[in-house]
2 protein chains.
Amino acid sequence: MALVVESIAVGTELLLGQIANTNAQLLARMLAEQGLHHYFQSTVGDNRERLTQTLHLALGRSDVVVTIGGLGPTQDDLTKEVVAGVFHRGLVVHEPSWERIRGRIGAASTPNNRRQAEIPADAEVIANEVGLAPGVLLAAPYRAPGSEEALARVVICLPGPPNEFGPMVRGPVAQYLAALAHGSGRQAAIQSRSLHLAGVGESKAEHLLQDVIADLDRSGGVTLATYAKPGDVEVRLTAHAPTAEEAQALLRPVEEAVRARVGPWVYGTDGATLGGATLRVLSETGRTLAVAESCTGGELSAWLTADPGASAGFLLGAVTYGDAAKRAVAAVDAGLLAEDGAVSAAAARAMAEGVRRQVGATVGLAVTGFAGPEGGTAADPVGTVYVGLAAPEGTWDRRLTLRGDRAAVRRRAVQESLQWLRRYAVDGAAAMRPGNDG
Amino acid sequence: MALVVESIAVGTELLLGQIANTNAQLLARMLAEQGLHHYFQSTVGDNRERLTQTLHLALGRSDVVVTIGGLGPTQDDLTKEVVAGVFHRGLVVHEPSWERIRGRIGAASTPNNRRQAEIPADAEVIANEVGLAPGVLLAAPYRAPGSEEALARVVICLPGPPNEFGPMVRGPVAQYLAALAHGSGRQAAIQSRSLHLAGVGESKAEHLLQDVIADLDRSGGVTLATYAKPGDVEVRLTAHAPTAEEAQALLRPVEEAVRARVGPWVYGTDGATLGGATLRVLSETGRTLAVAESCTGGELSAWLTADPGASAGFLLGAVTYGDAAKRAVAAVDAGLLAEDGAVSAAAARAMAEGVRRQVGATVGLAVTGFAGPEGGTAADPVGTVYVGLAAPEGTWDRRLTLRGDRAAVRRRAVQESLQWLRRYAVDGAAAMRPGNDG
């Protein structure tokens, strides 16, 4: 039987609905991919009594308890104190962590910051490369109140900011749990492979993959899970086997079967981003890109440059919010703007051609639209977005009708534009003919 | 004392990390807005024993328990069965719901669908206008196992699909809980106020506010909590009182006391964004902005245009990744790029001046740096970012040393640049003199 792990998220802001508990989902994915059992998640506020109660409950029923949050410098950050109390031990300053904190914030450090370097006696530190608060790992016997029986338990305390939590979960915590499961004789090597899809919905992808999934259910060894973000589907394969090599050997034929069914939508593997993957297709074939965007306000450029190495292919991104900028940077004709309007197929084409010419790029991509909540016309209401693409073979345009609030319209406009650009980059002008631009 | 409500999300897909538990956050927000207490959230899989155990725990400590999910037609949808069992009653078919389901799916209905019309005896139905599964409301005495004491409890069962859950929570469930709180004489009005701070850490902010917090702890009625996102601190005040007016009256002097201590860092209130607030300071005083950015790749522009109404003040954002673009759009001299390099104080100043001139903006802001993981020099390693600001009174530059991965360096460069721009926008050139650029 595999290890049983559960999580406790700590933070009144979660119970007030001020932030979403994305950390719990990230942890859950890692546990699923490791083949570990995960039966409960809890959330409690910054309250000593309720956190103590919840920690006892979790330690009574799970081998490993991961706490999320409550490692900050303030008085309502209680997690380490409560953990120490439940295990009947004190807190001690972890000197290397305290030195690191002083090194990072220097004269700005307050007495509160010293609390961040405290850990329960006999605990180990899990390095936090991003933030100040070290993680904590305490493996110790646990006795429930009123019980004499000592249970072998592990508590792992991680910080709440997702940019600190994420790398710690995916790195040292995943490694520790794999080793722990191995050491306790309850483990297997785990290998994963992610295929990232754009332009297809999760339910359609799953429908196309249903025979693969049914085969896997029968044969065991490899699991397939789909994760959907708006406009992006991840198909994740995870294999368990005695060794990593055997696990990899299990993965390969399954990946081939998946690609045979959804291959046209696969834009990358293992953490690829749509922007980075799209730019890479262009730059690997010696082509360059320039972008002009208005309603997306810089997000199209930001997606394209999120991965390292973007500078080779990405010559210019122009956020041409005002008409003056559209004229100056994308050389859009003032008469065209007056006649067709800044949100029009003609403007999108002109922006794409203008920005391409401006820096001599192979391809120009342009987005102009109404992201809302204000703006729009009767013919082109909020959510209408025009995309233009200019290339050596010609110029094309598309009209999108997108739903959602301002942030959603911006994000979807970026995704649709990138998918369209990727089709051009992969399949060339043939893919851009009218009737082919779905 | 207000009603105590807690939630139990039911679904193995949550524990596998396949979907995010956005429903729990939506419910939490509604409860906070109603001034109801919310101390615990739990998530369990589609497992009879563990759901029963969690429901007993919740009923033992909260007045109202809201379950989320597990109302579907399949055998692993157990919620109503478990609720009925915990209250020692059977399930009965709610005929109007069964008629509605047959009317909706007709010949496609299966015996399983009939299960969706079942509710615990004596329960009421909460209408689901979107999907098939009705919600359930059971108000009944609850006896813990082995206890004779009957506790007055309410269980509300809601479906998991967010497009069904959302309208039910915001509509009938919110109304029911308001009426319940009113009828039980335990209602209080709740009012909140958020102050958003940039340029100060959470621990320093809390240190400066410690006397205010101590006063509030003594006097009661108002609570103060700080929430930190990277580079951004929210100070949230929440007041409880018999009426909304009284709660607002409690908030006002506390907000004044907070502003007296951390006022210089407050950039906005109640959901403001740093980019939007900074741009607003400029545009409200008739000034315009143009931006040139390289290592931030479009994120600086995206932050500045995240709020509606950005077009008035934001003339141009230029993502000048390559040197050709720096020359073409920001009119940066090729000799300067050759001599000082594209990542230099001189380049940042020239980009700021160039982009400002390009579109005739009042202020030009430029960012150039090494976001990593590759690049950098001995003198300017990865994480080094230069910011330039050009205004009618002159041009200034700053050098930042930022830590973290590529995404973190980009985000921090944006935040630091915006904070610096905001200082100029609020305090003018006097704030920009050397020695004042902390």
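The values are calculated or read from the model by the stated rules, or taken from the named source; none is laboratory data. The model shown is predicted, which means the values in this text are computed figures rather than measured ones. Backbone-built Cβ (ideal geometry, glycine too); neighbour counts: all protein chains shown.
Numbers for the structure displayed
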| quantity | calculated |
| --- | --- |
| Subset of the stretch A:307-321 (residues that are part of a loop (DSSP other than H, G, I, E, B) and either within 7 Å of another protein chain (Cβ to nearest Cβ) or out of contact with any Lys or Arg (no Cβ under 9 Å at 6 or more places or on another chain) (or both)) | A:Pro308, A:Thr320, A:Tyr321 |
| Where B:Gly131 falls short, out of the listed (1) in contact with a helix residue (DSSP H, G or I) (Cβ under 8 Å, 6 or more places away or on another chain); (2) at pLDDT 95 or above; (3) not hydroxyl-bearing (Ser, Thr, Tyr) | (2) |
| Exclusive hit being under 28 Å from A:Gly201 (Cβ atoms), touching a Phe, Trp or Tyr at 6+ places or on another chain (Cβ under 9 Å) and within 14 Å of another protein chain (Cβ to nearest Cβ), set A:Val367, A:Val385 | A:Val367 |
| Every residue from the stretch B:352-364 that is part of a helix (DSSP H, G or I) and more than 9 Å from chain A (Cβ to nearest Cβ) | B:Ala352, B:Glu353, B:Gly354, B:Val355, B:Arg356, B:Arg357 |
| Test: residue in the stretch A:149-167 that is in contact with a Pro (Cβ under 6 Å, 6 or more places away or on another chain) and among the small types (Gly, Ala, Ser) | yes |
| Test: A:Gln75 is farther than 23 Å from A:Leu177 by Cα, at pLDDT below 95 and at the interface with another protein chain (Cβ under 7 Å from one of its Cβ atoms) | no |
| Tally, over the stretch A:47-57, of residues that are buried (at least 22 other Cβ atoms within 10 Å of the Cβ) and within 12 Å of another protein chain (Cβ to nearest Cβ) | 2 |
| Top-ranked residue in the stretch B:206-254 [being farther than 23 Å from B:Gly404 by Cα, within 11 Å of chain A (Cβ to nearest Cβ) and touching a residue at least 40 places away in the same chain (Cβ under 8 Å); ranked as nearest to the chain's Cα centre (by Cα)] | B:Arg236 |
| Restricting the stretch B:106-126 to residues that are touching a helix residue (DSSP H, G or I) at 6+ places or on another chain (Cβ under 7 Å) and touching a residue at least 24 places away in the same chain (Cβ under 8 Å), the residue that is nearest to B:Gly70 (Cα to Cα) | B:Gln116 |
| Selection from the stretch A:24-46 of residues that are under 22 Å from B:Val4 (Cβ atoms), at the interface with chain B (Cβ under 7 Å from one of its Cβ atoms) and either acidic (Asp, Glu) or out of contact with any Ser or Thr (no Cβ under 6 Å at 6 or more places or on another chain) (or both) | A:Phe40, A:Thr43 |
| Of all residues making up the stretch B:390-405, the number that are within 14 Å of chain A (Cβ to nearest Cβ) and either surrounded by fewer than 20 Cβ atoms within 10 Å (Cβ to Cβ) or in contact with a Leu (Cβ under 7 Å, 6 or more places away or on another chain) (or both) | 3 |
| Which numbered condition A:Asn21 misses (of (1) within 7 Å of another protein chain (Cβ to nearest Cβ); (2) over 17 Å from the mean Cα position of the chain (by Cα); (3) crowded, with 21+ Cβ neighbours inside 10 Å) | (2) |
| Which listed residue, of B:Arg29, B:Arg48, is basic (Lys, Arg) and within 20 Å of the chain's Cα centre (by Cα) | B:Arg29 |
| Residue in the stretch A:407-438 that is nearest to the chain's Cα centre (by Cα), counting only those that are within 14 Å of chain B (Cβ to nearest Cβ) and either under 16 Å from A:Asp232 (Cβ atoms) or modelled with pLDDT under 90 (or both) | A:Arg411 |
| Residue check, A:Glu33 of a type in the set (Asp, Glu), in contact (Cβ under 8 Å) with a residue 24 or more places away in the chain, assigned by TED's automatic domain parsing to the domain that holds A:Glu164 and assigned to a helix (DSSP H, G or I) | yes |
| Single residue of A:Val65, A:Val83 found to be away from chain B (no Cβ under 12 Å), in contact with a Cys (Cβ under 7 Å, 6 or more places away or on another chain) and modelled with pLDDT of 95 or more | A:Val83 |
| Residue among B:Ala257, B:Ala324 that alone is at pLDDT below 95, over 21 Å from the mean Cα position of the chain (by Cα) and part of a helix (DSSP H, G or I) | B:Ala324 |
| Single residue of B:Ala431, B:Ala348 found to be of a type in the set (Gly, Ala, Ser), touching a helix residue (DSSP H, G or I) at 6+ places or on another chain (Cβ under 9 Å) and part of a helix (DSSP H, G or I) | B:Ala431 |
| Qualifying residue in the stretch B:277-294 (condition: crowded, with 24+ Cβ neighbours inside 10 Å, within 14 Å of chain A (Cβ to nearest Cβ) and in a loop (DSSP other than H, G, I, E, B)) | yes |
| Where a residue in the stretch A:346-363 is farther than 18 Å from A:Arg287 by Cβ and its partner, wherever it lies, is of a type in the set (S, T, N, Q) and modelled with pLDDT of 95 or more, with Cβ under 8 Å and at least six apart | A:Ala347/A:Thr368; A:Ala348/A:Thr368; A:Arg349/A:Thr395; A:Met351/A:Thr368 |
| Unique residue being closer than 23 Å to A:Gly199 by Cβ, charged (D, E, K, R) and without any contact (Cβ under 8 Å) to a residue 60 or more places away in the chain when the list is A:Asp323, A:Asp307, A:Asp333 | A:Asp307 |
| Test: residue in the stretch B:194-202 that is touching a residue at least 24 places away in the same chain (Cβ under 8 Å), outside any loop (DSSP other than H, G, I, E, B), surrounded by fewer than 17 Cβ atoms within 10 Å (Cβ to Cβ) and assigned by TED's automatic domain parsing to the domain that holds B:Val222 | no |
| Yes/no for A:Ala407 being out of contact with any Asp or Glu (no Cβ under 7 Å at 6 or more places or on another chain) and without any contact (Cβ under 8 Å) to a residue 12 or more places away in the chain | yes |
| Residue that is surrounded by fewer than 13 Cβ atoms within 10 Å (Cβ to Cβ), farther than 20 Å from A:Gly35 by Cβ and of a type outside the set (Val, Ile, Thr), where the choices are A:Asp270, A:Asp232, A:Asp211, A:Asp217 | A:Asp211 |
| Filter pass, B:Arg170 being crowded, with 16+ Cβ neighbours inside 10 Å and either in the same structural domain as B:Gly85 (by TED's automatic domain parsing) or free of Cβ contacts under 8 Å to residues at least 40 places away in the same chain (or both) | no |
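For (1) farther than 19 Å from B:Leu158 by Cα; (2) surrounded by fewer than 21 Cβ atoms within 10 Å (Cβ to Cβ); (3) of a type in the set (Val, Ile, Thr), each residue gets a yes or a no:
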site: B:Leu15; (1), (2), (3): no, no, no
site: B:Glu95; (1), (2), (3): no, yes, no
site: B:Ile105; (1), (2), (3): yes, yes, yes
site: B:Ala117; (1), (2), (3): no, no, no
